[in-house]
Each structure stands twice: as structure tokens, then as C-alpha cells.
Amino acid sequence: MLEWDSVMKKHRPIAGIIAALFFGAVSALASVGPKYRGFEVDGSGRSGTASVYGEPALFLNPAGLSDLKGNGFETSADFGVNSVLLDYASWAAKNSKYIKQIDSLLLRMEPVQNKWAPFSNSVVMQGHYQDFAFALVEDVRYDLSLSKAVITPVMGAGMLSDLQFTAGRGFAPAALPDWRMGFAVKYLYRLRFPGRLMGTTDDEFYKVVNKINQPAHSIMDQIAKIKVASEVAQPGLGFGVNLGAMRSLPNGFTAGVSFLDFHTFFDGGFMYPQMNLGGSYARDFDILEGMHHRVIANLDWQIPFSWEPWYKQWKLGAAVEGRMGSRLVSLVALGLNDGYPTFALKIGYILNLYYLYTAEETGTYPGQYKLSFHKIGITLSF
């Protein structure tokens, strides 16, 4: 008994640190970490814990950085819309003449008019030198229930904007030849205005409505109206760590694990961490001379440290990619994320064009509703 007590006293500081880390992770803030995972990961149903490589590994499993060689840099930008946004704009154009006739306006209202209509865009600059990588990402989403003018009895606005700088390194331990490991540190600046309906009793209402009613002389003026929620959003700062490991298995299989936002200290507390367990199968094949092809299949289990339906914890994905040397020139990906399908297509050499389709359940008024997103983007690689 005395021996056990002495052991406990000797290791009590370590046990205290571990307990503090764990309970700090699963308590404190309920806010979620950055959603950005990269184009290839999103197209594969947000899976790839055991197969992700290159700069996107910073956001899902930094162990994938250990495969990097030489140096490179790329920048990309995309924008995405949901069909609800387009439907609303069309409805507004047809019915704006009834703006002063509320009874007539209400007769023309359809349920879709009170749903959030998301618009999103991402701008990425990322690169690597050997197995050290960095990325600067601005990932923004706006939720709207308004158009060129406030023509509904109720208006709504919301946004989530993450500016994230991440740097990390991957390595392969000499003592563990089948293993790859990695880490990434990140700084997060977030602007957030929770999507909600607004009325004349809100101070933010007048800031938003004044912006919406300003004349628009260019496309940039129209975009400024969509981004109006940024003028009333609240800022937050944070910093944290992503950790990960992969192990190569026989016959083309790989296993992986990653800990994201473990820990990420944000705005006075800790974000919920996320743990990913994944398995992957990859096989190389060649069809065209001078081009190397690979097929990849992923199965991931995501543990969000909070209650989620079981189907939201499993991620499925498959992809076929083509490379010339180390340069990705084509990609076709399919996946299943949160029970909804995803699809991605990318083609090009130095200049790549890509299309991404995703779907998810998102907050609407007055409930949950499936929203599909169409993203079109361009990538310039050096």
C-alpha cells in the first residue's frame, strides 16, 4: 500500500495534466472547429484519415505530410451557391412590385422564401518545402433570407468566416519503418454572426437593412450586400494543434488516426476536439503512357466528443487520380458524408479547374432541411 501511494505521489503531476487536458477538451466551449478540409477530402465524403497527403493533410491528418518531397506552392479560389439562393433571387425579381402590398406579397410567399440561402467562398494559399508545409485559408459562408431589397415580412442573416494559418511537419520514425507521424499548429481568427431572423427591435437590423437598400452599381456592390452580415459579426481568436499518425499494412491497406483541435483554445475556452479513425485501400495502375493512376477507397469513423446520430460519424469515399510526376492532373471522387452524397471533379496541369458537390443538413427556418452546395473553383500550382 505504501509503495502504491509513493507511485501515485510521484506521478500525480502528470496525471493531473492528463486529466486537465481531457476534461478541458470535452467541456468548455461547444463551438466547432474550422470546417475546411480541402477539395479532395470534401469530394470523398470528408474521408481520408488514412490516405490524405500533401498540404490538405494539415487539416485532416498531418501524418500525410511525410510523403512530401521537393518544394511547391499553389493558390486557389472558389465560390459556391445553393439553388435556394437562385430561387429566391428569381422570386424577388418577379414579386418586388408587391413590396408595399403586404397582403399580396404574403399570398405569393412560398416555404422556400424563409429558408436560409447559403453562399460560400474559399481562398487558399499553401505550399511546402520537403515535409514542412503551410497554408493560409479564408473559408466563409453566408446565410441569407434576403435579396436585392428587403421584400419579406421577416429577414434573416448569418455568417461564419474562418481565417486560418496552419503550419506543420510530417516524419517517418527510423525505429518504426511502417509508421508516419505528423503535427500541425494553427492560428484561427473567426467572425461569426449566428444565423437568425431579425426584426426592428434588433440593433443589427438597421445596419443590415441600410446596406441592403443601398444602390448597386456593380457586381461588387451586389457581393457586398450578400456579405453584409460581416459588418455585425463578432470576432474571436484561437490557436491549437492537430496531431496524426498512419501505419502501412500489407496488400495496399493503411490505417490512420488523427486528433483535430486537440487542443484548440478559442475565445476564452476550448473547442470540442475531434478524433478520426480511418482505413484506406490504394492500388496503382497505368492506362496512359506518361501518367500514373491510383484508385483509393476510404472508410472513416469520426468521433466528435459530442452526441451525433450514428450515420454522421461514418464517412465513405473513393477516388481515382492521375499524376504526371508529382503533379495531380485529374481527379474523380465520390463519397458519403452525414448520409448525403458528395462528388468532385478536377482537371488541369498548372492551371486546374474543379467542381465540388456536397449536401448537408443545415439550420433553416423553421427547421432542418437538406441543402445542396455547388462549388466551382480554380487552382494555380507551381
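The values are calculated or read from the model by the stated rules, or taken from the named source; none is laboratory data. Computed from a predicted structure; not experimentally measured. Backbone-built Cβ (ideal geometry, glycine too); neighbour counts: all protein chains shown. Please note that ligands, DNA and RNA were not included when accessible areas were found on the heavy atoms of the full protein model with its side chains. Shrake-Rupley method; radii C 1.70, N 1.55, O 1.52, S 1.80 Å.
Annotation: V41 carries an accessible surface of approximately 10 Å², with a 1.4 Å probe and no ligand, DNA or RNA atoms counted. Using the 1.4 Å probe convention, the accessible area of segment 254-339 works out to 51 Å² per residue with neighbouring protein chains retained.
Rounded to 0.05, the FRET efficiency of the S218 and R283 pair, given R0 = 51 Å and the Cβ-Cβ distance, is 0.50.
Derived scalar couplings between HN and Hα for segment 218-230 equal 7, 5, 5, 5, 5, 5, 4, 5, 4, 8, 4, 4, 5 Hz in order, rounded to whole Hz, by the Karplus curve 6.51 cos²θ - 1.76 cosθ + 1.60 (θ = phi - 60°), x for Gly and Pro. The string of couplings for segment 68-80 from the Karplus curve (6.51, -1.76, 1.60, θ = phi - 60°) is 6, 9, x, 8, x, 8, 8, 9, 8, 8, 8, 9, x Hz, one whole number per residue in order, with x for Gly and Pro. Couplings for segment 232-247, taken from phi via the Karplus curve 6.51 cos²θ - 1.76 cosθ + 1.60 with θ = phi - 60°, read 10, 6, 9, x, x, 10, x, 8, x, 9, 10, 10, x, 8, 9, 9 Hz in order; Gly and Pro are left as x. Spacing of the modelled spin labels on Y189 and Y129, each 7 Å from Cα toward Cβ, amounts to 2.4 nm. Enter the accessible area of M181 (Å², nearest 10), with the probe set to 1.4 Å and all protein chains included. Ignoring ligands and nucleic acids, M181 comes out at about 60 Å².
Computed packing ranks the peptides 249-257, 128-136 as 128-136, 249-257, most packed first, by mean other Cβ atoms within 10 Å. With a simple spin-label model that places each label point 7 Å from the Cα along the Cα-to-Cβ direction, the separation between F205 and F79 comes to 3.0 nm. Heavy-atom accessible area for F305, with the other protein chains in place and a 1.4 Å probe, reaches approximately 60 Å². Taking the alpha-carbon centroid of each part, what is the distance from segment 30-84 to segment 203-235 in angstrom? Their Cα centres are 30 Å away from one another. Which entries of K186/K211; K207/K375; K207/K312 have Cα-Cα distances beyond 32 Å here? Flagged as over cut-off: K186/K211; K207/K312.
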